[in-house]
2 protein chains.
Amino acid sequence: MTQADTASTVLTPSLMTPEYLLADWQGHRRLTRRVIEAFPEDQLFTFTAAPPMRSFGEMAWELYGVALYTLEGLVTDEWPNPDWTEKPPHEKAALLAAWDELTRRMDAELPTVPPARYQEEKALFWGTMSALTTALYAIDNEIHHRGQGYVYLRALGIEPPPFYER
Amino acid sequence: MTQADTASTVLTPSLMTPEYLLADWQGHRRLTRRVIEAFPEDQLFTFTAAPPMRSFGEMAWELYGVALYTLEGLVTDEWPNPDWTEKPPHEKAALLAAWDELTRRMDAELPTVPPARYQEEKALFWGTMSALTTALYAIDNEIHHRGQGYVYLRALGIEPPPFYER
C-alpha cells in the first residue's frame with residue numbers, strides 16, 4: 001500500500017491498526033480461555049455467585065457466539081439476525097475445542113477484512129453501528145462477563161489468572 | 001490537516017480516530033457512573049460478593065485514579081510512578097464529584113494529545129507499552145471491575161443498568 005492509498009482511506013488521525021485489533025482481541029480471548037480452564041468441571045455450568053445470574057460456562061458460550069458472529073460479519077460483510085436458539089453442550093472440553101477453532105479462524109480470516117469496512121455503518125438486529133463498534137463491542141462484552149467470572153472464581157475460593165497477562 | 005500530513009503520520013491502515021477513543025472512553029465512564037449510583041450508600045464501600053474482594057466503591061476509586069493518571073500521561077507525556085497511597089474518602093458524593101470533574105477534564109484535555117503520541121512506546125512502572133495500550137488498558141480495566149460491580153448489585157438484589165447503554 002502506498003502513502004497515497006493510505007491517505008485516501010484515512011482522512012483523520014487514526015490510532016489503531018488492524019494488526020493491533022487482532023492482537024488485542026486474541027489477547028483477551030487467551031485470558032478468557034484461562035478463566036474457563038480455572039473453573040472446576042462440575043462448577044463451570046452450575047455455579048453462580050448471584051442468582052439469577054447464569055453460570056460462567058453459559059456466559060462463555062455467549063462470548064464464543066458473539067465473537068463468531070462478529071468475525072463472520074466482518075469477513076463476509078453480511079450481518080443476518082443471529083440464531084442462538086441452539087443450546088451448546090455443557091461440557092468444558094467442547095467449549096474449549098470450539099474456542100480454539102475460532103482462535104485459528106480469527107487469525108486466518110480477520111486479516112482479510114478490508115480496513116475501510118470498519119468505518120462503515122452496519123444495520124445489525126440490535127442497532128446500526130460501525131463495524132469497528134461491533135468488533136469493540138464483542139471485546140468489551142467479553143471483558144465484562146469475564147470480570148464476572150473472576151467474582152465466581154473468588155467465591156469458589158479459586159485465584160483467577162492475572163488480568164494483565166494476555 | 002492535509003492528506004499529505006495524514007499520510008506522514010499513518011503508514012498502515014488505521015481504524016480508530018482520537019474522537020472515537022474519547023467518545024468510547026466517556027461512554028464507558030458514564031455507564032460506570034450509573035453503576036456507582038445504583039449502589040445503596042451504605043453498601044458501596046462495605047459490600048463484597050466474594051471476600052476477600054474489595055468493595056465496588058474502592059474499585060471505582062481505583063478506576064478514577066487510573067483514568068486520571070492515564071489522561072495526565074497522555075496530555076503531558078510524563079509517566080511518573082503513581083502515588084496511590086492516599087486513601088480517598090469512602091463517600092459516594094465525593095466519588096461522584098471527582099468522577100464528574102475528571103469527565104470535564106477529559107473532554108477538554110484529551111483532544112490536545114498529538115495523535116502520533118499514541119503509537120510511541122512509554123516506559124511505565126508496570127512495563128513498556130504504547131500510549132494507545134495504556135489508554136485501552138484503562139478502559140479494559142474499568143469494564144472488568146464494572147462487570148464485577150454488576151455481580152455485587154445482583155447479589156444485593158438490585159437490577160444493574162443495561163450494559164449496552166452508554
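Readers should treat all values here as calculations from the given coordinates under stated rules, not as data from a laboratory. All figures in this text were calculated on a predicted structure; none of them were measured in a lab. Reconstructed Cβ throughout: ideal geometry from the backbone, glycine too, with neighbour counts over all protein chains shown.
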Exposed GluC sites (Glu not before Pro) being those in a DSSP loop with at most 10 other Cβ atoms within 10 Å, the longest stretch of chain B free of them is B:87-164
In nm², the average projected area of the convex hull spanned by the Cα atoms of chain B is 10.8
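Tell me the volume per residue, in Å³, of the convex hull enclosing the alpha carbons of the protein assembly as shown.
Working: hull volume 44.7 nm³, N = 332.
Per residue, the Cα convex hull of the protein assembly as shown comes to 135 Å³.
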Cα-based Rg/(2.2 N^0.38 Å) for region B:73-125, rounded to two decimals, is 1.43
Counted neighbours (other Cβ, 10 Å), sorted fewest up, put A:VAL113, B:VAL66 in the order B:VAL66, A:VAL113
Mean separation of Cα contacts under 8 Å (at least 6 apart) over the residue count of region B:1-154, i.e. the relative contact order in percent, is 32
Least to most buried among A:THR76, A:THR17, A:THR103, by other C-beta atoms within 10 Å and fewest first, runs A:THR76, A:THR103, A:THR17
Within the set A:GLY149, A:GLY27, A:GLY57, GNM on chain A using Cα springs under 10 Å gives the largest fluctuation to A:GLY27
Computed from the beta carbon distance with a Förster radius of 51 Å, FRET efficiency for A:ALA123 and B:THR85 to the nearest 0.05 stands at 0.50
Ranked from fewest to most other Cβ atoms within 10 Å of their own Cβ, A:MET129, B:MET59 fall in the order A:MET129, B:MET59
With +1 at each Lys and Arg Cβ and -1 at each Asp and Glu Cβ, the charge dipole magnitude of chain B around its Cα centre, to the nearest 20 debye, comes out at 400
